[in-house]
1. Quick test for you: out of A475, A514, A457, A463, pick the one residue that is touching a residue at least 12 places away in the same chain (Cβ under 8 Å), surrounded by fewer than 13 Cβ atoms within 10 Å (Cβ to Cβ) and either assigned to a strand (DSSP E or B) or among the aliphatic types (A, V, I, L, M) (or both).
2. Out of (1) within 20 Å of A514 (Cα to Cα); (2) surrounded by 19 or more Cβ atoms within 10 Å (Cβ to Cβ); (3) without any contact (Cβ under 8 Å) to a residue 40 or more places away in the chain; (4) more than 10 Å from the ligand (Cβ to nearest atom), what's the single condition that is false for L295?
3. If I filter the range 396-408 for residues that are within 16 Å of the ligand (Cβ to nearest atom), in contact with a Ser or Thr (Cβ under 9 Å, 6 or more places away or on another chain) and under 29 Å from D494 (Cα atoms), do I get at least one hit?
4. Can you name the residue in the range 489-541 that is hydroxyl-bearing (S, T, Y) and more than 16 Å from the ligand (Cβ to nearest atom) and, of all such residues, is farthest from H249 (Cα to Cα)?
5. Of all residues in the range 305-314, how many are within 16 Å of A460 (Cβ to Cβ) and crowded, with 21+ Cβ neighbours inside 10 Å?
6. What helices (runs of 4 or more DSSP H), lying completely within the range 57-122, carry at least 2 residues that are within 22 Å of the chain's Cα centre (by Cα)?
7. Please enumerate the residues belonging to the range 198-240 that are away from the ligand (no atom under 16 Å from the Cβ) and of a type in the set (A, V, I, L, M).
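Nothing in this text is a laboratory measurement; each read-out follows from the coordinates by a stated rule. Just so we're clear, the structure is a prediction, and the values are computed from it rather than from any experiment. Counting neighbours? That spans all protein chains shown, and the Cβs are built from the backbone with ideal geometry, glycine included.
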Amino acid sequence: MMHTQLTLRLLLEQPAELFPYKEIISRTENATFRYTYADFYRRVVRLANVLQDLGVKQGDRVAVLAWNTYRHLELYFAIPCMGATLHMVNFRLFRDQLSYVIRHAGDVLVFVDDSMLPMLEPIAEKLNDVRGFVVMTDGEPVTQTALSPIYDYEQLLAQAPDQFAFPDLSEESAAGICYTSATTGNPKGVVYSHRGLYLHSLNMCIADTLGISERDTVMPVVPMFHANGWGFPYSATWMGATQVMPGPHPSPKDLAQLINDEHVTVAAAVPTVWLDMERVIEQEGGYDLHSLRALVVGGSAAPRGLIQRFQEKYGVPIVHAYGMTETTPLATVSRLKSIHDPLSNEEKYDIRAKQGLLASGLKMRVVRDDGSEVAHNGKEMGELLLQGPWIADSYYNDERTKETFIDGWLHTGDVVTVDEEGYIQLMDRTKDLVKSGGEWISTVELENALMAHPAVAEAAVIAIPHEKWRERPLACVVLKPEYVGKVTKEEMIDFLAPHFAKWWLPDDVLFVDAIPRTSTGKFFKKQLREAYQKGELNPIS
Ligand code: ADP
């Protein structure tokens with residue numbers, strides 16, 4: 001058969017030809033911007049010219065710091081299709097880490113939303129390889145800045161030609177790079193090849209994964225700096241789906257409004273985003289969410305209670321997916337099999353709350369510390385190892401490669417069980433597990449159970465040191481405002497008791513006013529543990 005190169009160029013060109021009239025909608029601070037795939041394609045072509053004129057060569061890295069907007073989508077295609085590598089920069093990183101990732105990637109040019117210029121100014125001196133900053137505004141003049149040289153995105157595009165000869169690239173060439181947080185030390189870079197992204201995008205369109213299609217209206221709420229915006233910008237563009245970009249600082253209310261107004265069918269974010277949106281919908285009412293066929297939850301475990309409430313109150317199916325930056329990221333999706341049809345709703349929720357079945361095309365092993373494989377009985381826990389065409393094989397120029405990529409397998413650092421039907425359930429990250437008297441306790445399981453309590457807004461369970469057992473679980477609980485002061489610790493423990501062995505139950509429950517979150521919106525357990533150890537966790541009564 002023909003050995004055609006699997007590159008992102010096809011994902012750009014095919015929809016422009018087949019669906020030129022389809023829309024891309026982007027929320028700005030004060031309005032909604034709309035244009036068609038034909039307009040989008042024209043601007044990507046112009047942008048490729050701009051990149052070339054600014055001296056970007058094949059193999060160069062180009063950084064982007066931006067909210068999810070139509071301009072960000074243009075950069076997602078123009079940079080890799082002209083042969084450079086898109087560095088999606090997490091703009092919530094601390095200053096030192098921000099300068100580290102831009103230097104480590106060797107970025108030659110930075111595209112930045114006007115509002116983010118102040119993040120770059122203090123580190124500009126350290127960015128030796130950067131030859132210029134291209135600023136994106138919504139029509140306003142670029143803010144005064146000490147950065148130099150500065151270019152205006154819209155001005156450059158307006159002057160650029162409408163033709164560009166996209167090069168024939170090797171499918172192995174680097175299309176993107178994304179840095180993932182490390183337990184200790186600086187973030188680690190993961191490079192995505194054109195081939196990996198192509199196959200990953202295709203996989204997202206399979207009916208039994210996420211089934212992205214031309215008929216969808218897709219809204220990636222997950223930031224586009226986070227693991228390819230979980231792959232939605234590439235797969236949705238390829239299929240010619242209508243796209244909704246939530247823009248700068250989207251509030252839970254903005255999200256509900258966009259779903260309502262644009263009839264979004266697929267939206268994706270970490271669970272905390274949907275927990276926040278749920279509160280707004282409950283308090284304000286009046287939002288129509290019926291268009292949603294999949295509210296995708298990933299990045300952290302989808303609480304079973306959240307799945308159940310969205311289904312029963314709003315008729316919205318939550319689809320639970322799992323992955324990592326190193327896996328592009330889609331690795332598993334929790335879909336029911338046909339044999340599950342006769343099960344009760346409760347049994348179905350149990351399955352849907354699992355991380356799900358391995359995506360077609362990937363291979364896995366689940367192993368104990370000694371390398372032996374666990375039985376697929378839903379009980380034995382082991383570390384998940386992955387292999388496949390969209391799984392990274394190294395960190396970019398990083399010694400830590402050898403700790404994670406061993407004998408051709410990615411060691412995920414996630415402890416899972418696998419049931420008889422092949423459903424993976426993530427019990428914990430190895431670094432978050434509670435090891436009590438040599439036995440493992442899953443903090444994720446306890447959190448899930450706590451979050452099913454009607455008074456609980458959020459819950460995180462962490463390991464705290466214990467003289468006899470080495471570690472014991474501590475539950476940190478944020479109550480919904482109307483329940484503060486009305487629920488006791490004992491009630492929380494009693495609520496958990498029927499579902500767990502006695503030794504799994506938390507030794508204590510702390511009611512706190514907030515749980516710290518990471519830059520990607522997950523519970524920041526490391527910070528919670530440190531705060532506890534320093535005596536800085538302030539319980540509220
Ligand atoms: P970071 O380490 O910065 O959070 P990643 O997004 O790469 O970056 O994190 C991947 C990790 O997130 C996985 O290894 C896993 O521990 C967790 N994770 C992702 N999806 C889920 C999920 N559906 N359920 C539970 N944990 C998840």
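1. Numbers: A475 fails: surrounded by fewer than 13 Cβ atoms within 10 Å (Cβ to Cβ); A457 fails: surrounded by fewer than 13 Cβ atoms within 10 Å (Cβ to Cβ); A463 fails: surrounded by fewer than 13 Cβ atoms within 10 Å (Cβ to Cβ).
The conditions single out A514.
2. (1)
3. No, because not a single residue in the range 396-408 is within 16 Å of the ligand (Cβ to nearest atom), in contact with a Ser or Thr (Cβ under 9 Å, 6 or more places away or on another chain) and under 29 Å from D494 (Cα atoms).
4. Just the residues of the range 489-541 that are hydroxyl-bearing (S, T, Y), to begin with: 518-520, 532, 541.
Still in the running and more than 16 Å from the ligand (Cβ to nearest atom): 532, 541.
Working: Y532: 30, S541: 32 Å.
Going through the qualifying residues, I end up with S541.
5. Within the range 305-314, residues that are within 16 Å of A460 (Cβ to Cβ) and crowded, with 21+ Cβ neighbours inside 10 Å number 1.
6. On the way: elements: 70-81, 95-105, 117-120.
Because the criterion is at least 2 residues that are within 22 Å of the chain's Cα centre (by Cα), the helices (runs of 4 or more DSSP H) in the range 57-122 that meet it are 70-81, 95-105.
7. Within the range 198-240, L199, L202, I206, A207, I212, V218, M219, A236, M239 qualify.
Residues checked against (1) in a loop (DSSP other than H, G, I, E, B); (2) within 17 Å of the chain's Cα centre (by Cα):
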{"site": "F164", "(1), (2)": "yes, no"}
{"site": "L169", "(1), (2)": "yes, no"}
{"site": "E172", "(1), (2)": "yes, no"}
{"site": "I177", "(1), (2)": "no, yes"}
{"site": "R195", "(1), (2)": "no, no"}
{"site": "Y198", "(1), (2)": "no, no"}
{"site": "S201", "(1), (2)": "no, yes"}
